[in-house]
Amino acid sequence: MLQTDASITERIQAYAGAIAMVAVATLIGLWIAPRWGTAPVDMIYLPAVLAAAALWGLGPGLAAGLAAAVAYNFFFTEPLHTLQMYHVTDIVTVVILLIVALVTSQLAAGIRSQAQLAASHAARNATIAGFAGRLLSSSSETEIAETACAELHRLFGSNAMLVSGLPQPDLIAAMPVGNRLTPSDIAAAALTLESGEPAGRGTSRLQPAEWVFYPVRSGSAVIAAAGLARDDGVPPVAEEQIPLLDNLLDQLALALERARADSDRREVGSLRERDRLRSALLSSVGHDLRTPLTAIIGAAAELRRARANDPELLATIESEAGKLERYISNLLDMARIEAGAVKLKTECVDLVDAVAAALKDLRQGLASREVGVDLPADLPLVRADPQLLHHCLINLIDNAARYSGADGPIWIAANAVRGDVKLTIEDRGPGLPVDRERALDVFTRLEGSDRRGGAGLGLAIVKGFAEAMGASVTAGNRKDGQGAAFSLCFPKALVVSERVDAG
Amino acid sequence: MPARPPKILVVDDEPQIRTLLRATLGRAGYAIAEAANAREALSAKSIDKPDLILLDLGLPDRDGLELITALRAEPRSALIVVSARDQTEQKVAALDLGADDYVTKPFDTEELLARVRASLRQRLASESERQVIEAGAVSIDLLSRIVRRDGVDVHVTPKEWDLLAELAKHPGRVLTHENLLRTVWGPAHLGQTEYLRVAIRALRQKLEAEPSQPRLIVNEPGVGYRLIAG
């Protein structure tokens, strides 16, 4: 009702404006006529009629034309101050004024309605573009569905939901959250998904439903159904808004398609990665298990045959068996990482404890090697899983020993930098090739060194465990260029910053 | 060696592990009894009355953890569990149930013998005999509450003393983090390992020759602390 009131007021104002323009033209005419005669006066009315018709359309334009004709007739034609006309030219003038009003207002009305159409097109395109843009910023299918429902809710002022799946459609998202579906709504949704036609309230199909469902089509397939319903039962989408809705749902279909394609691609990628890993694992098992086993079997046989107590052979058996045990540990760890079965049991850890425990477990392999440890007394505690950290350190130190030459020293140091805590293990080996990230890749062995077994696997485990704990690993070279440096970095969030007063 | 050598019951279902332990422990002068499963273990416990039991937690007929309480019953035996690597929770559970210590498979025989000695010493010695504990250059007098390093008195705070004394009462044995937190700080501080870390660090600063490479108070990741005596 309010709207009609407003438009009536607007109409009245338009007519009043038209009459006012004619009045102004008349006043100008009355000023001109005594000076230069009545001949130019009819021209004075033309702009008034043109303007009224152009501004307000046909009705006010014609009113202005009529008023102009009457005023001209009354004020400027003989006999003056009557509505009679003696001269044919005067009659022609009046008729021309009317024709001008008619033609101009038609033209102007056409232009105006075109402008309005263009504006509404622009608004609709902006709506569609905005909708598409918001969908684009969501990545997963559920996120897209949630965004779409929120947008439909906003644009149409109605409840919105998205369902998919046959024969029993499932709710993907709804706005407001927590909308319930009656069996007839579910049937309507299923019908839409099946037939690709709207169904539910207000359509020719399944009247008892409270919701009306529209198909979300991708090519010929219906990939989802968008349900709309208003709490007051009014049809949620007016007839003239249907094309807009169709457009929006097309955008939604595109976005959903994109999300599905993305997740498919990711899955293929991870399958391929796993496949690569599996074949790398198999070839590694062959090499890394067989080499120490060959040494052990050979040494034991030699000892038995010679009945000798050869310390060198005994040491070989011991160290090779140690390698086997570490390799098997790593295989199991890798399997845990691969299976996503790494369970975190985080506690407050002193890196002094962690380094000491790792060095103790590696003491046989390190033997007489020089290991420098520089852990400042005020090094902050960190939050970590002690067991995972232990395996990270064992692998990093073992790796350093492996590449540091027979008796090359290893240096372990930690410090706090801008709130982070960084633990670095340096060796005196050949250093890393340019492609450093690859050093942490599964099974990649460092360039320029022969296969000394297990190193790539160990570093991959370090990376996997560190990331599981929220820490990160970086690989680089020592500042002096004489060896590699691997760092385990605990970000600020994992560093215990508050002072603990243990009493 | 005492007049009667201490008797050790080895409970493991793998014959080759029993063979290895028989050889290692036998050579170290211990008397050995063996059991291949939980049933045999329980009967050996009552017949052989071992001084110490080496219990593998992965037995075929019963969960090793369930067996701990039964094997700890009178007459009291020391008990060391043998567990697989990475079963930190199982180790802690075993210690909480009353096991004296644990070793991880594959174990280093030297380390196994050290554990066995520590657990037997604890069982055989009465409290009063162990008034002064020596650990490297450090001596801890439990009665007069004095800590000396190279013969010089070292000042420790009351909490640090409580912690050090608790470790010194069980030389060579691992005490779980929770156990230490409960004893020293009280049950309200369970789970707050940061208290323990800070106090241990303070003790190391005072007692260790090289505090960043501790030799006296060592940590078992995720399990607890041990005072290396001797």
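Okay, here's what the table says:
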| quantity | calculated |
| --- | --- |
| First in the range A:258-277 and farther than 19 Å from A:I144 by Cα, second anywhere and surrounded by 10 or more Cβ atoms within 10 Å (Cβ to Cβ), Cβ under 6 Å, 6 or more apart | A:L277/A:V442 |
| Residue in the range B:182-190 that is under 24 Å from A:D361 (Cα atoms), more than 8 Å from chain A (Cβ to nearest Cβ) and part of a loop (DSSP other than H, G, I, E, B) present | no |
| Only one of A:T182, A:T142, A:T147 that is within 28 Å of A:R201 (Cα to Cα), of a type in the set (S, T, N, Q) and at pLDDT below 80 | A:T182 |
| Tally of residues being in contact with a helix residue (DSSP H, G or I) (Cβ under 6 Å, 6 or more places away or on another chain), within 20 Å of B:D96 (Cα to Cα) and within 7 Å of another protein chain (Cβ to nearest Cβ) across the range B:196-230 | 3 |
| Enumeration of residues in the range B:191-221 that are under 21 Å from A:V496 (Cβ atoms) and in a loop (DSSP other than H, G, I, E, B) | B:G191, B:Q192, B:P211, B:S212, B:P214, B:P221 |
| Residue in the range B:163-172 that is at pLDDT 95 or above, in contact with a helix residue (DSSP H, G or I) (Cβ under 9 Å, 6 or more places away or on another chain), buried (at least 21 other Cβ atoms within 10 Å of the Cβ) and within 12 Å of chain A (Cβ to nearest Cβ) present | yes |
| Boolean, B:T157 is away from every other protein chain (no Cβ under 13 Å) and of a type in the set (S, T, Y) | no |
| Residue match in the range A:335-354 (condition: among the aliphatic types (A, V, I, L, M) and closer than 14 Å to A:N395 by Cα) | yes |
| Only listed residue being within 18 Å of A:Q106 (Cα to Cα), out of contact with any Phe, Trp or Tyr (no Cβ under 8 Å at 6 or more places or on another chain) and of a type outside the set (A, V, I, L, M), chosen from A:P34, A:P47 | A:P47 |
| Single condition B:T193 does not satisfy, out of (1) out of contact with any strand residue (DSSP E or B) (no Cβ under 7 Å at 6 or more places or on another chain); (2) of a type outside the set (G, A, S); (3) within 11 Å of chain A (Cβ to nearest Cβ) | (1) |
| Subset of the range A:180-194 [in contact with a strand residue (DSSP E or B) (Cβ under 9 Å, 6 or more places away or on another chain) and without any contact (Cβ under 8 Å) to a residue 24 or more places away in the chain] | A:I186, A:A187, A:L191 |
| A:L289, sole failed condition from (1) within 30 Å of A:S164 (Cα to Cα); (2) surrounded by 10 or more Cβ atoms within 10 Å (Cβ to Cβ) | (1) |
| B:P211, sole failed condition from (1) within 22 Å of the chain's Cα centre (by Cα); (2) closer than 22 Å to A:P376 by Cα; (3) modelled with pLDDT under 95 | (1) |
| Filter result for the condition that a residue is farther than 17 Å from B:V174 by Cα and either within 14 Å of another protein chain (Cβ to nearest Cβ) or modelled with pLDDT under 90 (or both), over B:G29, B:G58 | B:G58 |
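Residues are listed down the side, and each one gets a yes or a no for (1) at pLDDT below 85; (2) not assigned by TED's automatic domain parsing to the domain that holds A:L281:
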site	(1), (2)
A:A300	no, no
A:A308	yes, no
A:L313	no, no
A:A321	no, no
A:L331	yes, no
A:D353	no, yes
A:L359	no, yes
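Per-residue answers, yes or no, for (1) more than 14 Å from chain A (Cβ to nearest Cβ); (2) modelled with pLDDT under 90:
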| residue | (1), (2) |
| --- | --- |
| B:V92 | no, no |
| B:F107 | no, yes |
| B:R123 | yes, yes |
| B:A137 | yes, no |
| B:D153 | yes, no |
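The values are calculated or read from the model by the stated rules, or taken from the named source; none is laboratory data. These numbers were taken from a predicted model, which means no experiment stands behind them. Cβ atoms come from the backbone with ideal geometry, glycine included; neighbour counts cover every protein chain shown.
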